[in-house]
1. For residues that are farther than 24 Å from residue 108 by Cα and among the hydrophobic types (A, V, I, L, M, F, W, C), scanning just region 236-257, find the one that is surrounded by the fewest Cβ atoms within 10 Å (Cβ to Cβ).
2. Report whether or not residue 37 is at pLDDT 95 or above, hydrophobic (A, V, I, L, M, F, W, C), part of a loop (DSSP other than H, G, I, E, B) and on the phi < 0 side of the Ramachandran plot.
3. If residue 8 meets every condition in (1) farther than 15 Å from residue 243 by Cα; (2) in a loop (DSSP other than H, G, I, E, B); (3) of a type in the set (S, T, N, Q) apart from one, which number is that one?
4. Given 146, 126, 159, which one is more than 18 Å from residue 8 (Cα to Cα), in contact with a Ser or Thr (Cβ under 9 Å, 6 or more places away or on another chain) and in contact (Cβ under 8 Å) with a residue 12 or more places away in the chain?
5. Show the residue pairs meeting these rules: Cβ distance below 8 Å; 6+ apart or different chains; first residue within region 230-249 and closer than 15 Å to residue 5 by Cβ and part of a loop (DSSP other than H, G, I, E, B); second residue among the basic types (Lys, Arg) and at pLDDT 95 or above.
6. On the given criteria, is residue 66 within 18 Å of the chain's Cα centre (by Cα), aromatic (Phe, Trp, Tyr) and at pLDDT 95 or above?
Amino acid sequence: MAVLGSGSGGNAVVIDAGGTRLLVDAGLSAKQLCLRLALLGIDPESLDGILLSHEHGDHVRGLDVFLRKHRVPIFATALTREVVEEKVKGRVEWRVFQRGQEFAVGEMTVRAFAIPHDAVDPVGFVCTNHDVKVGVATDLGHVTGVVRDNLKGVRGLFVESNYDQGMLDADTKRPWSTKQRIASRHGHLSNGQAAELVAELAEHGLQDVFLGHLSADCNCPLVATEAVMGMAGTVRVRIAPQEVPTDWCSWQVTRPVQVGSGGQGLLF
């Protein structure tokens, strides 16, 4: 797993396992998506799919232009597709799934689960190859039982750590209504909320976490890192910046099993 970029300017995560490559969200410009994939040694033509977590611009902004040059299947819920296809002018190879569904993409099994955010049908993902699971849970206002249950057992996790509560309270740029939306149960996670989730998942095998979607005004990498390390000191913490991709984070498969067995088919 590596993060191409994360923040209000655009979000994208790439997962590579067993010869299968998936992009989660395409919120950066098409040019930046291609440049940053290249820095990680990935040809855009080698992508097996793009998973969409939800329809907000910072998660789909580069999709239209990217798809004009690269034919990659797009995986989304029906409601997310309905909104996004209004923004994409070209032909799209849609693969529609439902929340709670598990499906196979190449050598990976993908499970989508509901997350609480102010979007039409937002989801997080757990991608599995053999006995290695990684999770992506960005843009969620609070950690639900569904989120916890689905992320238990992941070795790697990309999760948002959007704001520091004290810095948000002291911020003078945002009106109170905006602060309420950010901190609401359908807004974004604070450092403290992210730290509590990481600490819980560490008891179930979490080894590495990427903290993303950090606010430029109401958070900073050091504060976010210290918050998580203070509660989950055994987990390796990486900050996913907006400007450049992270390095790869890898895990070794130890128990080969058949991928995709028992998975449900996609809807068309």
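1. Looking at the filtered set, the residue picked out is 244.
2. For residue 37, the condition - at pLDDT 95 or above, hydrophobic (A, V, I, L, M, F, W, C), part of a loop (DSSP other than H, G, I, E, B) and on the phi < 0 side of the Ramachandran plot - is not met.
3. (1)
4. Numbers: 146 fails: in contact with a Ser or Thr (Cβ under 9 Å, 6 or more places away or on another chain); 159 fails: more than 18 Å from residue 8 (Cα to Cα).
Being more than 18 Å from residue 8 (Cα to Cα), in contact with a Ser or Thr (Cβ under 9 Å, 6 or more places away or on another chain) and in contact (Cβ under 8 Å) with a residue 12 or more places away in the chain holds for just one of 146, 126, 159, which is 126.
5. 244/36; 245/36; 246/238
6. On the way: within 18 Å of the chain's Cα centre (by Cα): no; aromatic (Phe, Trp, Tyr): yes; at pLDDT 95 or above: yes.
In short, no.
The values are calculated or read from the model by the stated rules, or taken from the named source; none is laboratory data. Being a predicted model, the structure only gives us computed values, none of them experimental. Every residue, glycine as well, gets a Cβ built from its backbone with ideal geometry; the counts of neighbours run over all protein chains shown.
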